[in-house]
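Written out below as structure tokens is the structure these notes cover.
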Amino acid sequence: MGYRRRPSPLHAARAAVGGGLCLALALVALLYDHPLVLGAALAAAVGAAVAAGVGRELRRTLLLALPFALLIALVNPLVSREGLTVILRLGELPWFGRIDVTLEATVYGLLLGLRALALIVSFALFTLVVDPDELLRLFRRVSFRSALTATLATRMVPLLQRDGRRIADAQRCRPGPPPSRVTLLRAVTGGALDRAVEVAAALEVRGYGASAAARPRRLGTGRGGRPWSRHDLAFAAAAVALVTLAIGGRIAGIAGFETYPELAGDWAAATIALAAAVVLLPLLPFLDRRGLA
């Protein structure tokens, strides 16, 4: 699973905007315990993935995340001793004592699983729709060396791991005693240094050593190198509105939900409106598909 450019409004938006939208959905899942709002955040992330054309890739993530969320939902009722409504008595178990499963602990476990699922899907959407190279270029404004180091580390570490495995396999095929780890480390380090020289030469040819003042800049592009498109503005407005609505609703006490000691939830019109807004705000910018190739 990884990023691949697709003809969708979210892929056309800059990395900071797309990442901001995904983080806004994750923020909603972290701020609220209400099942309606958590379900809305999950539905919004899935809907955005489908609208962006990465629904098939996200389905693989869901297949891996569902057992994890189910495990959370099953474990919490067994380890939690809170709640007043007992729905199942398992008796005395070694090392655990008396196990009484309560309705409140069961519901809270389901909410934890739903929250974990919403967070996983939100960050999976982040991986699928945000260009990692453009995202790393954002850190150049803070530190050029940090961005370059992060880029090289993320691209070179898997390559060095593959080199180490290949060298180890080749050495195991030779007769005699197996080589020591020091020998393997020396071979991998030597190859890494040789590759570092080649990468440094390639970076120098591509102008990575040039100063920022020497680089040409188009008029009206700002610091990002390109003007803000309507997709940038639309998704940025959706992310800001989503964060503002989530924080404001939390401060105002909308969509409150308590599981202990008894179940109590707010199902008023404001809660339903908040959940509807969480679903609609990230999806509205997808309606404008002009200018997509």
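The values are calculated or read from the model by the stated rules, or taken from the named source; none is laboratory data. If you're wondering where the values come from, they're calculated on a predicted model, not measured in any experiment. Neighbour counts run over all protein chains shown; Cβ positions are idealised from the backbone, glycine included.
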Original post:
Would a scan of region 90-103 turn up a residue that is part of a helix (DSSP H, G or I) and either aromatic (Phe, Trp, Tyr) or on the phi < 0 side of the Ramachandran plot (or both)?
Top reply: yes
Original post:
How about region 50-83: which of its residues are out of contact with any Phe, Trp or Tyr (no Cβ under 7 Å at 6 or more places or on another chain), touching a residue at least 24 places away in the same chain (Cβ under 8 Å), more than 30 Å from GLY265 (Cα to Cα) and not β-branched (Val, Ile, Thr)?
Top reply: ALA52, GLY53, GLU57, LEU58, ARG60
Original post:
Which of the residues belonging to region 83-121 are of a type in the set (S, T, N, Q) and modelled with pLDDT of 95 or more?
Top reply: none
Original post:
Across region 266-289, which residue is modelled with the highest pLDDT among those that are assigned to a loop (DSSP other than H, G, I, E, B) and touching a helix residue (DSSP H, G or I) at 6+ places or on another chain (Cβ under 8 Å)?
Top reply: TRP267
**OP:** Hand me the list of helices (runs of 4 or more DSSP H) wholly inside region 1-54 holding 3 or more residues that are within 13 Å of the chain's Cα centre (by Cα).
**Re:** 15-31, 35-51
Original post:
Name the pairs: first residue in region 222-238 and at positive phi, second residue at pLDDT 90 or above, Cβ to Cβ under 7 Å, at least 6 apart or on different chains?
Top reply: none
Subject >> Test: LEU10 is in contact (Cβ under 8 Å) with a residue 60 or more places away in the chain, crowded, with 16+ Cβ neighbours inside 10 Å and either within 18 Å of HIS231 (Cα to Cα) or in contact with a helix residue (DSSP H, G or I) (Cβ under 8 Å, 6 or more places away or on another chain) (or both) >> reply: yes
Original post:
For region 234-293, which residues satisfy the criterion of being closer than 29 Å to ALA13 by Cβ and among the hydroxyl-bearing types (Ser, Thr, Tyr)?
Top reply: THR244
Original post:
If GLY83 passes every condition in (1) surrounded by fewer than 21 Cβ atoms within 10 Å (Cβ to Cβ); (2) over 21 Å from the mean Cα position of the chain (by Cα) but one, which one does it miss?
Top reply: (1)
Original post:
Across region 225-282, what is the total count of residues that are of a type in the set (Phe, Trp, Tyr) and within 17 Å of GLY39 (Cβ to Cβ)?
Top reply: 2
**OP:** May I ask you to say which residue of LEU111, LEU117 is under 21 Å from ALA239 (Cα atoms) and surrounded by 18 or more Cβ atoms within 10 Å (Cβ to Cβ)?
**Re:** LEU117
